[in-house]
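Each remark here refers to the structure printed beneath this line.
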Amino acid sequence: MWRRKRVLVTGGAGFLGSHLCERLLDEGNDVLCVDNFFTGTKDNIVHLLDNPHFELMRHDVTFPLYLEVDEIYNLACPASPIHYQHDPVQTTKTSVHGAINMLGLAKRVGARIFQASTSEVYGDPEIHPQTEDYRGNVNPIGPRACYDEGKRCAETLFFDYHRQNGVEIKVARIFNTYGPRMHPQDGRVVSNFIIQALQGEDITIYGDGEQTRSFCFYTDLIEGFVRLMATDKSITGPMNLGNPYEITIRELAERVIEMTGAKSKLIFKDLPADDPLQRKPDITFARNTLDGWEPTVGLETGLGSTIEYFRNLIAKHG
Ligand code: NAD
Ligand code: UDP
């Protein structure tokens, strides 16, 4: 007999998590959102609170959790360098203890589990674009290590629970993703540039701005999440999910200035330690495995909707 799936989303009050909760509710699931509100906020999910199929629980994933669920999306972890470097020990704990706790839960209840891993597992990559078999170039003792190595260890745990206990896993390596509900103060480049432009401030480029990133709009990414979760159990990943359209940070700044009509100037600051020089996903595996999945929202459209979001946010809260 058909029954609703019970889906747990950790980090469900964050940028990606809140969009994922919405999508899963639209598909007729019961959704349990777990978050400690470190970087997430109730504002991101307040519109879901009246839905009888949505439940919110304040909980820190570094502590065990006992529930009955069919699927788990493990997104809990601060994602921006400013936030994950704020309390690096807690960041590593969130990735590692969080993974152990969620994998333990998955093992106990026989749930399928998805891990929000990251392109940061490739560190400052020596091969370009990055394919899943590339093992990365990560500094294990630098300021980004709490995040990069935490996520690498989480991947190790996922594959060990899979091999040792038969847990069904789906590991996605997410490349830079942006859109409405990004935290306005999290210091990530898209939100920083848009807010600076809208407030008529100078745009802060770290380094010479020739470093590259490839930006994916959140709707394309969430589609990839849901398709990956629905694949046959033989598909474990790791799978790159992102948009292969690559641009320099300087070009991004120029686009934002053009689209907002701002008078901001570009100012150059020091490049943070271990900041990757280039990043672009090879998405061949995802395209071949997820029924031809690929990003459909171009930078112009995605930036347009993100600018609109921050314009409204500034008008409301200043
Ligand atoms: P986000 O900071 O908006 O969301 C993370 C959420 O996790 C927040 O709601 C936060 O409060 C919650 N959280 C943090 N620590 C927790 C803990 N110990 N217990 C419970 N909840 C906790 O970031 P996001 O961009 O939505 O990222 C979501 C996930 O995707 C993260 O795991 C991140 O590493 C991964 N990811 C994101 C990107 C991206 O570009 N957005 C890229 C690569 C990987
Ligand atoms: N960056 C920048 N100015 C900013 C914020 C970020 O030039 O105000 C740069 C940053 O140094 C990096 C790139 O933009 O090279 C992407 O930074 P972000 O923090 O968004 O993501 P990540 O480095 O994790 O890819």
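The values are calculated or read from the model by the stated rules, or taken from the named source; none is laboratory data. Owing to the predicted nature of the structure, the values given are computational and were not obtained by experimental measurement. No Cβ is skipped: glycine too gets one built from the backbone with ideal geometry, and neighbour counts run over all protein chains shown. Please note that ligands, DNA and RNA were not included when accessible areas were found on the heavy atoms of the full protein model with its side chains. Shrake-Rupley method; radii C 1.70, N 1.55, O 1.52, S 1.80 Å.
So the label point goes 7 Å from the Cα of ARG4 along Cα→C-beta, right? Which residues of the stretch 32-64 then have their backbone N under 11 Å from it?
32, 51-55
Helix 218-229 versus the longest principal axis of the chain: what is the Cα-based angle in degrees, 0 to 90, to the nearest 10?
For 218-229 against the chain, the angle is about 20 degrees.
Over the heavy atoms of PHE193, what accessible area does a 1.4 Å probe trace out, to the nearest 10 Å²?
Rounded to the nearest 10, that gives 0 Å².
Whole number in Å², please: accessible area per residue of the chain, 1.4 Å probe, ligands, DNA and RNA not counted.
44 Å²
Whole-Hz Karplus ³J(HN,Hα) for the stretch 186-202, in order, using 6.51 cos²θ - 1.76 cosθ + 1.60 and θ = phi - 60°, x for Gly and Pro?
Along the stretch 186-202, the couplings run 8, x, 6, 5, 5, 5, 4, 4, 5, 5, 4, 5, 5, 9, x, 8, 5 Hz.
Given a Förster radius of 45 Å and the C-beta distance between ARG163 and ALA273 as r, what FRET efficiency does 1/(1 + (r/R0)^6) yield to the nearest 0.05?
E(calc), rounded to 0.05, equals 0.80.
Calculated FRET efficiency, GLU68 and TYR245, Cβ-Cβ r, R0 30 Å, to nearest 0.05?
0.15
What's the carbon and sulfur percent of the stretch 47-101's accessible surface, probe 1.4 angstrom, rounded to a whole number?
Ligands and nucleic acids excluded, carbon and sulfur reach 56 percent.
Which entries of LYS233/LYS280; LYS151/LYS269; LYS269/LYS316; LYS42/LYS93; LYS42/LYS107 have Cα-Cα distances beyond 25 Å here?
From the list (LYS233/LYS280; LYS151/LYS269; LYS269/LYS316; LYS42/LYS93; LYS42/LYS107), the Cα-Cα distance tops 25 Å for LYS233/LYS280; LYS151/LYS269; LYS269/LYS316; LYS42/LYS107.
Note the full-extension length gain between THR289 and ILE314 as 0.36 nm times their separation in residues minus their Cα-Cα distance, in nm to one decimal.
Once the chain is fully extended between THR289 and ILE314, it gains 4.9 nm.
For ASN137, list long-range residues whose amide hydrogen, built 1.01 Å from N in the peptide plane, is under 5 Å from its own amide hydrogen.
Those lying under 5 Å, H to H, from ASN137 are GLY123, ASP124.
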